[in-house]
Amino acid sequence: MILALETSCDDTCAAVVDGPRILSNVVSSQASFHEQYGGVVPEVASRHHLQLVNAVTDAALSQAGAELSQVDAVAVTQGPGLIGALLVGMSTAKALASAVRKPLIPADHLHGHVAANFLEPDPIDPPFLCLVASGGHTLLAGVSDHSSFETLGQTLDDAAGEAFDKGARLLGLGYPGGPAIQRAAQEGDPAAFGFPVAMSRDPGLDFSFSGLKTALVYRVRELGEERTAASVPDLAASYQRAIVDQLVVKLERALDRGGWGVVALGGGVAANVELRERAGQLCEAREIGLKLVPLELCTDNAAMIAAAAAHTEPIPYPDYLTFDASAQAANLAV
Amino acid sequence: MKGDGREGASTERPAQTEALGAALASRLQPGDVVLVSGELGAGKTTFVRGAARALGVTEPVTSPTFTIGQRYEGRVPVSHLDLYRLEGVEDEDPALLEDYLRADSIAFVEWPQAAAPALDRIAARVEIRHAGGDRRDVEISYG
């Protein structure tokens, strides 16, 4: 049984996981908090993590019906993420683990997104191809074993979720941008505006969303305020189509190369309905499996960190106490 | 950082914006901070990528909007900050940016407005503007 903490960005998260079974998965979502700022405010987020981390941890343990002394290890996200935010989780995890003289398991956040697939309901085992698309990351992971993954391609500039967020801001829609664009796009025509599908002719598996963002900037400028406002549904639908097209093109190309039998989607962008449908059609045409984890395991959470930690080398007590948490976080955040 | 003044240039392609970043990088020393301003899609991250490459960074240099800060290992440590999502730093825990603004590092700060008053050792200010299509006007002021 592993107690895991995740504080790499917006949310303070704690979970208790036993093998593939999630006993509790608490996320103190700060979205309402961030809305008024148009994004995360890191100082406030760090302070928020500090204020919330003990309460979130207590809730995770009590919902799991477990005592701290019963866990086998304490896991924590070591990076990537904002150093100040990571430090809150790292220091708390060290304190908790040392209090009960249990091992500490630092886990990689991106490995966590991959490892979410190892959890109930419907856990799967490698090998599989995993597309991780979130606000901070976009990558194709070739997963051949539980303890690691190979990065087959990644974004060269912006993440897919960031493209949604910035597009939403350009269109005067809310934050987070993914759900806002999806909502606006429902009434729109995805063929109304031809946005470039970047990298579609590039033979590699890397992504690029920065040119698409620029194309939207120019289109909004051309249209002017009034016509932009009148065209928001069409702009949102076309913009969303261009993001999803690129993700699906690269997924398809990775399948051509790899011979994978299962595709998994992770990260917050995996909540996008058009992406889910298009990935579903792709997998159906190729007669391979599509693994969609529940939404609460797509967005940042600590259960996925526990799942990654279960396949990561623990650091025994008291070896981790001699680490300088700050230097460690600074190095790990590189 | 040597020499004060102001330089302007127009670029036709992202690679030329990267080259301007590389040229600036050759004039920087550890501890220097470079502010990079411009609208969405202007090419701020492209400029920083060129500078980071010239400083020996080989890993992907991507937008740090979501995480606020990234650190890269080059010939000197390179910090890449993006304060797009940061409203202001009046109540800031000073240690938050200190993790990235270190005497041994060269730091590039996109969307610097939120923190500009709190930043010292500013070696250069870079302003990038859309000029139609792939064209960009880049203005660099030193000191």
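Please give the length that would be gained between B:Ala15 and B:Glu139 if that part of the chain were fully extended, namely 0.36 nm times their separation in residues minus their C-alpha to C-alpha distance (nm, one decimal).
On the way: separation 124, 0.36 × 124 = 44.64 nm, distance 1.64 nm.
Using 0.36 nm per residue and subtracting the Cα-Cα distance, I get 43.0 nm.
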Fill in the blank from the handout: For the protein assembly as shown, the charge dipole (Cβ of Lys, Arg +1; Cβ of Asp, Glu -1; about the Cα centre) points to a positive end, and the Cα of A:Ser91, B:Ser141, B:Leu35 closest to that extreme belongs to B:Ser141
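What's the local net charge at B:Gly69, with K and R +1, D and E -1, over the other residues with C-beta under 10 Å away? List each step's numbers first, then the result.
Working: positive: B:Arg71; negative: B:Asp82, B:Asp99.
In short, -1.
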Problem - Isotropic mean projected area of the C-alpha convex hull, region B:5-142 (nm²) - result: 7.6
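Given +1 on the Cβ of Lys and Arg, -1 on the Cβ of Asp and Glu, and no further charges, what dipole in debye does region A:125-293 carry about its Cα centre, rounded to the nearest 20?
Working: 16 positive and 22 negative charges, 34 e Å.
Dipole magnitude for region A:125-293 comes out near 160 debye.
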Fill in the blank from the handout: For the protein assembly as shown, Rg(Cα) over 2.2 N^0.38 Å is 0.96
Problem - Computed [θ] at 222 nm, deg cm²/dmol, chain A (DSSP H ≥ 4; -39,500 (n - 2.57); rounded to nearest 500) - result: -14500 deg cm²/dmol
Fill in the blank from the handout: If one builds a Gaussian network model of chain A from Cα atoms under 10 Å apart, the most fluctuating residue listed among A:Ala185, A:Ala229, A:Ala15 is A:Ala229
Problem - Mean projected area in nm² (Cα convex hull; one quarter of hull surface) for region A:122-189 - result: 6.4
Practice task
Treat region A:125-293 as a sphere of radius equal to its Kirkwood radius over Cα pairs and apply Stokes-Einstein at 37 °C in a medium of 0.692 mPa s; give the translational diffusion coefficient in µm²/s, rounded to a whole number.
Solution key: 204
Practice task
With everything on Cα atoms, drop me the angle between helix A:210-230 and the longest principal axis of chain A, reported from 0 to 90° to the nearest 10.
Solution key: 60
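For chain A, calculate the relative contact order in percent as a whole number, restricting contacts to Cα pairs under 8 Å that are 6 or more residues apart.
Values: 715 pairs, mean separation 81.8, N = 334.
Once normalised by length, the contact order is 24 percent.
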Problem - Degrees, to the nearest 10: A:83-99 long Cα axis against longest axis of chain A - result: 30
Exercise for the section: Highest first, please rank the peptides A:267-278, A:213-224 by the mean number of other Cβ atoms sitting within 10 Å of their residues. Expected result: A:267-278, A:213-224
Completion exercise
Checking B:Gly56, B:Gly21, B:Gly69 against a Gaussian network model of chain B (alpha-carbon springs below 10 Å), the top fluctuating residue turns out to be B:Gly56
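The numbers here are math on the coordinates, done by the rules we state, and not lab data. Only a predicted model underlies this, so the values are computations on that prediction, with no experimental measurement involved. In this analysis, Cβ positions are derived from the backbone assuming ideal geometry, glycine residues included, and neighbour counts consider all displayed protein chains.
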